[in-house]
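The values are calculated or read from the model by the stated rules, or taken from the named source; none is laboratory data. Remember, it's a predicted structure, so these values are computed and weren't measured experimentally. All Cβ positions, even for glycine, are placed from backbone atoms using ideal geometry, and neighbour counts span all protein chains on display.
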Amino acid sequence: MLIIAEKINATRKAIAAALAASDVEAIAKVAVEQALAGANYIDVNGGDPRPGQEEANIAWLLDIVQSRTELPVAIDTANPQAMRKGLSLAANSRPILNSISLESQRLAEMLPIAGEFDCIVVALLMSDDGPPCEINDRLARSEQLIEKLGKAGKAVGDIIIDPCFFPVSADDKCGRRVIDAIAGIRARWPEVHIGGGASNISFGLPKRRYINFALLSQAIYAGMDAAIIDPCVQEIIPTILAAEAVAGRDEFCMNYVTGEREGKLK
């Protein structure tokens, strides 16, 4: 499972406060905690509506994250200038562009950037028609994004399809629909990565982590292999390792056993 750690996001009060105060150690602490918890990438979002400020925030955050961890980064923004700035400063390894979609403005702005940089791309299944609905809708949008990104120079293995995780509190069919769509996408494009903001599934519900764990377990079985999550949530890493073992995606359960040796199964 490719784990993209989500906590360095300017929409979170603690991160917004650290940005406002230029609190280097507060950001460093979050980055290091996520790395130690098992993250593979650190997602960085410096959202700010003031002209030029998001670019400055991204640059400042990346300097801290990349100096305190060896992990690669995911640049999380809808601002093309901030995205280009972030990707140009990504130093530890190949970065992630988070994200592109079929929404006409976002596609026009982000597709050239995706082609310009050697990066992995999160492809969100949103379009000008709104969010996806049934499995066929998600498959059709996946095909369109894979085709467009392919023309921009991206291999199928460079793409993370985000099938859109919607709250089951609003529609009790949302969970089943996205899991069935993951299975369909995996069957059609075996090399593509599939994942996204999985915790959206539990929005509006109490004890959200139990809903998240259930979603992760079922989605991993269906073919999900990437997730934008908080790896510091108690028991989330053991849940992922166990789900991969049960789904036959951990040969001889070596990742699970290694997790125990490394103290991750707490």
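Selection within segment 197-209: residues that are buried (at least 20 other Cβ atoms within 10 Å of the Cβ) and at pLDDT 95 or above. The member of this set that is farthest from the chain's Cα centre (by Cα) is S202. For segment 35-46, the condition of being more than 30 Å from I194 (Cβ to Cβ) and either small (G, A, S) or assigned by TED's automatic domain parsing to the domain that holds R249 (or both) holds for none of the residues. Take R68 and decide whether it is surrounded by 18 or more Cβ atoms within 10 Å (Cβ to Cβ), closer than 20 Å to Q34 by Cβ, out of contact with any Leu (no Cβ under 9 Å at 6 or more places or on another chain) and of a type in the set (K, R). Yes; evaluated as a whole, the condition is true for this residue.
Is segment 126-144 home to any residue that is outside the structural domain of I15 (by TED's automatic domain parsing), within 22 Å of A227 (Cβ to Cβ), within 17 Å of the chain's Cα centre (by Cα) and not β-branched (V, I, T)? Within segment 126-144, one or more residues are outside the structural domain of I15 (by TED's automatic domain parsing), within 22 Å of A227 (Cβ to Cβ), within 17 Å of the chain's Cα centre (by Cα) and not β-branched (V, I, T). Residues in segment 100-128 that are in contact with a helix residue (DSSP H, G or I) (Cβ under 8 Å, 6 or more places away or on another chain) and not aliphatic (A, V, I, L, M): S101, E109, E116, F117, C119, S127, D128.
Say whether the condition of being part of a helix (DSSP H, G or I), in contact with a Pro (Cβ under 8 Å, 6 or more places away or on another chain) and at pLDDT below 95 is met by at least one residue in segment 249-260. Yes, segment 249-260 contains at least one residue that is part of a helix (DSSP H, G or I), in contact with a Pro (Cβ under 8 Å, 6 or more places away or on another chain) and at pLDDT below 95. For segment 210-265, the candidate set comprises residues that are among the charged types (D, E, K, R) and either in contact with a Ser or Thr (Cβ under 8 Å, 6 or more places away or on another chain) or at positive phi (or both); within that set, the residue that is surrounded by the most Cβ atoms within 10 Å (Cβ to Cβ) is D230.
If we scan segment 38-53, do we find a residue that is part of a helix (DSSP H, G or I) and either of a type in the set (D, E) or modelled with pLDDT of 95 or more (or both)?
So far as segment 38-53 goes, no, none of its residues is part of a helix (DSSP H, G or I) and either of a type in the set (D, E) or modelled with pLDDT of 95 or more (or both).
Of S101, S169, all but one fail to be in a strand (DSSP E or B), touching a residue at least 12 places away in the same chain (Cβ under 8 Å) and out of contact with any Asp or Glu (no Cβ under 8 Å at 6 or more places or on another chain); the exception is S101.
Is it true that R106 is assigned to a loop (DSSP other than H, G, I, E, B) and either acidic (D, E) or within 18 Å of the chain's Cα centre (by Cα) (or both)? In short, no.
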